[in-house]
Structures are given as C-alpha cells and as structure tokens.
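Accompanying notes for the structure given below.
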Amino acid sequence: MTDTVLPRIRTSPLLTDLATRVFTPGVGAGQVPVVLQPDRHVAGPDVLRLPVVGVLGLGLTPVQAAQLVDHVAELQEECLSFRPVLVLDRPVFNEARAHGYVLEHVVPSDTWAAGGWTADGVPAPGSWESYLARRVSSVTDRYRLWYMARAVPVSSHADVTLDPVDIAVLRHLPERFPEGLQVHRGS
C-alpha cells in the first residue's frame, strides 16, 4: 500500500501545497534572519530579521545615484522595515559606504554596448539585458532578497525616487511582521 499511496501523495500538487503551508513555519517577512552587516539606520535585537530589499537604479547620473542612496536612507529611517542592497550602474561607493550600505555595481548599458570593458578587452557574449538578469539573480541569491524596488525619475525634475508602489510596499511591510519584532533607529 505504501508503494502506491506515497508516490501519489508526493506527486499531488494540492497535497504538496498543503504540506508546504502547514509544515514550513517562519517564511514570512520578519520571520527569518538573514545575515547582512547592519547599516547605520536600523538597530535592535531583531535587525537581522528585517527583510533585505534590493534597490535597482539604472541609467542615473552620478548625482541622481547619490540622491537615490539618500532617499533610501530616509525611507529606511521612516519605516524601519527593511535593509537595502543597492544595485546601481554608477559607482557611488562613498555615498553608499556613508550609510553602511552594500553596493553591487553593474556595467551600464552604454558601456556594455561600446564593448572592450572586460579584462581581456573582449565584451562578454549576449545582451546587456541577459547580463543584467544574471547579475540581479546572483544578487537575489547572495543576499536573499525579499523584494526588488526600482528607481524612477521624478516628473519634470532631475530628481529620482523609488517607484510609488515600491514605497507603499516598504511602508506597509511592518504590518506583516510578527508581533514583538524589536528594531529601532540606528545611531
């Protein structure tokens, strides 16, 4: 009987889904600790349980990229709901370091198109979009990203912000945290 029943149970999408929901505790926001060096804006005994959020900013000027880093810091201090990992095509390492943020630098699309940027002078095969997809996937795996927010320009200004939906997600994220999660503003 076990030779016929167990294989059927294991291959049943409905039963697999049910078992996953019942027997996989602690997968929601604020449940699972993720090791990432704490930055300067959040602290507390449960800071490692704050979700890690990627912030993707492409095609920005160096000034806009620096402005985005500051905007993320302001939002983080307001919400106390996430820890960012920046994925930018501008090397604003000093600005990121000032906040204690990780910055993953990606090759800008115009540099990719021009070629000749690799160590041996030959650009990697494939499109920039394929390269970017591989890099973003790698960052997602490495830092266990919970969400990816995207930078967008502010209408009729040279300013930049996060997409309004992404801001709303980050602001409402604490509603999903387990009761008693202890985090506060950093120093």
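The values are calculated or read from the model by the stated rules, or taken from the named source; none is laboratory data. Predicted model only: the values in this text are computed from it and were never measured. Please note: Cβ atoms are built from the backbone with ideal geometry, for glycine as well, and neighbour counts cover all protein chains shown. Heavy atoms of the whole protein, side chains included, go into the accessibility calculation; ligands, DNA and RNA do not. Shrake-Rupley method; radii C 1.70, N 1.55, O 1.52, S 1.80 Å.
Observations on the model:
- To the nearest 10, the accessible area of residue 103 is 20 Å² with a 1.4 Å probe.
- Remark: spin-label model distance residue 165-residue 110 equals 2.9 nm, labels positioned 7 Å along the Cα→Cβ axis.
- Solution diffusion estimate, µm²/s, Stokes-Einstein, the range 70-119, Kirkwood Rh from C-alpha pairs, 25 °C, viscosity 0.890 mPa s: 197
- Rounded if a/c under 1.5, otherwise prolate or oblate - the range 124-187, Cα gyration tensor axes: oblate
- At R0 = 45 Å, FRET efficiency that the Cβ-Cβ distance of residue 37 and residue 155 yields, to 0.05: 0.80
- Debye equation applied to the C-alpha atoms of the range 30-104, log10 I(q)/I(0) at 0.25, 0.26 Å⁻¹: -1.15, -1.23
- Looking at the range 34-187, the pairs of alpha carbons with a distance over 19 Å make up 55% of the total.
- Near the amide H of residue 162, within less than 5 Å, lie the amide hydrogens of 152, all on another chain or at least 5 residues away, with H placed in the peptide plane.
- Rough spin-label spacing in nm, given labels placed 7 Å along Cα→Cβ, for residue 185 and residue 77: 0.6
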